[in-house]
Amino acid sequence: MKFPILISFCAILSGCTITDYQNNLSKTTNCISDFSQVSYKTLNVDSKLEDEIGNKNSQCINNPDGKMYISGYKTKSPKKFISIVVHPNLGPSKSTFFLPQLLALDENNNPSIVKEAFVIKGSQIMHGSMYEYFYDVSREKTDEFVVTTDIGLMGKLFDYEHLNSNDNRTIHYSKMPYAAGSKIKVKLLSKLPF
C-alpha cells in the first residue's frame with residue numbers, strides 16, 4: 001500500500017520541475033538571422049492555439065543584443081484582438097515569468113511593437129495564477145505577428161501577484177526573474193470575451 005503512494009508522490013514532485021528556458025536558449029541552434037525567415041502557425045478567428053516558446057523545436061533569432069525565442073502567427077480575418085495567456089513557470093526551488101511582447105511584421109518584415117491594450121490577472125485551479133494580455137490589432141495592416149519577450153528584461157525581476165486558493169480573496173506578492181520562454185495560449189478574437 002505504501003509503494004503506490006510513493007510512486008504518486010514522486011510523479012507529483014517530478015511535475016513540479018520547471019523548464020530552464022534561459023539555459024535552453026544558450027544551447028539552441030534553430031536560430032534565424034532576420035524576420036523574413038520566420039515560420040508561422042495559423043491563428044483562426046475565435047479559437048486558441050497552445051504553444052511553448054522555448055521548446056526544442058522553437059525558433060530563435062539573433063539580434064545585436066543577443067538571441068531570443070520567437071513564435072510566428074498568421075492571422076485570419078476578421079482580426080480584432082490577439083490574446084496571450086501566460087502562467088508563471090512555478091517550481092519548488094525556482095520560478096520564472098515570461099512577459100510576452102507582440103511584434104507586427106510589415107511587408108518588408110520589419111517588426112514594430114504592438115502595445116497591449118490591457119492585462120487581466122486571474123486564477124485557475126491546478127494552474128495557479130494566469131495573466132492574459134490583450135492586444136488590439138484591428139488597425140494593423142499585416143496578418144503576420146511574432147511573439148517574443150524583451151531581451152533587456154533578462155536578469156530583472158517581475159512583480160508577481162497571485163490569489164490565495166484557500167479564500168480566493170487574499171493576494172500574495174512576490175518577485176521572480178523574467179524567463180526567455182514559457183507555455184502560452186494564443187487566441188485570435190473577433191470581439192472581447194467580456
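The values are calculated or read from the model by the stated rules, or taken from the named source; none is laboratory data. Worth saying up front: this structure is predicted, and the values here are computed from it rather than measured. Virtual Cβ from ideal backbone geometry, glycine too; neighbours counted across all protein chains shown. Ligands, DNA and RNA are excluded from the accessible area calculation, which covers all protein heavy atoms including side chains. Shrake-Rupley method; radii C 1.70, N 1.55, O 1.52, S 1.80 Å.
Six or more apart or on different chains, Cβ under 9 Å: which pairs go from a residue in segment 63-79 that's over 19 Å from Ser36 (Cβ atoms) to one that's open to solvent by less than 60 Å² (accessible area, probe 1.4 Å) and small (Gly, Ala, Ser)? Could you list them?
Cβ pairs passing all conditions: Asp65/Gly152; Pro78/Ser138; Pro78/Ser190; Lys79/Ser138; Lys79/Ser190.
Being surrounded by fewer than 17 Cβ atoms within 10 Å (Cβ to Cβ), over 14 Å from Leu188 (Cα atoms) and not small (Gly, Ala, Ser) narrows it down to one residue among Asn55, Asn89; which is it?
When all the criteria are applied, what remains is Asn55.
Against the definition (open to solvent by 50 Å² or more (accessible area, probe 1.4 Å), of a type in the set (D, E, K, R) and within 18 Å of Ser182 (Cβ to Cβ)), how does Lys156 come out, yes or no?
yes
Test of understanding: among Ile120, Ile113, Ile125, which residue is at pLDDT 95 or above and among the hydrophobic types (A, V, I, L, M, F, W, C)?
Ile113
Condition first: modelled with pLDDT under 85 and either under 20 Å from Ile70 (Cβ atoms) or open to solvent by 50 Å² or more (accessible area, probe 1.4 Å) (or both). Now tell me which residues in segment 162-179 satisfy that.
Within segment 162-179, His162, Leu163, Ser165, Asn166, Asp167, Asn168, Arg169, Thr170, Ile171, His172 meet the criteria.
Under 8 Å by Cβ, and 6 or more places apart or on different chains, what pairs join a residue from segment 84-107 that is closer than 17 Å to Ile151 by Cβ and at pLDDT 95 or above with one that is in a loop (DSSP other than H, G, I, E, B) and polar (S, T, N, Q)?
Close Cβ pairs satisfying both conditions: Phe98/Thr149; Leu99/Thr149; Pro100/Thr149; Gln101/Thr149.
Quick check on Tyr69: is it at pLDDT below 95 and not hydrophobic (A, V, I, L, M, F, W, C)?
no
Tally time: how many residues in segment 18-56 are at pLDDT 90 or above, of a type outside the set (A, V, I, L, M, F, W, C) and in a loop (DSSP other than H, G, I, E, B)?
6
Looking for something surrounded by fewer than 17 Cβ atoms within 10 Å (Cβ to Cβ) and either aromatic (Phe, Trp, Tyr) or more than 24 Å from Ser58 (Cβ to Cβ) (or both) - is there at least one such residue anywhere in segment 141-153?
Yes, there is a match, as at least one residue in segment 141-153 is surrounded by fewer than 17 Cβ atoms within 10 Å (Cβ to Cβ) and either aromatic (Phe, Trp, Tyr) or more than 24 Å from Ser58 (Cβ to Cβ) (or both).
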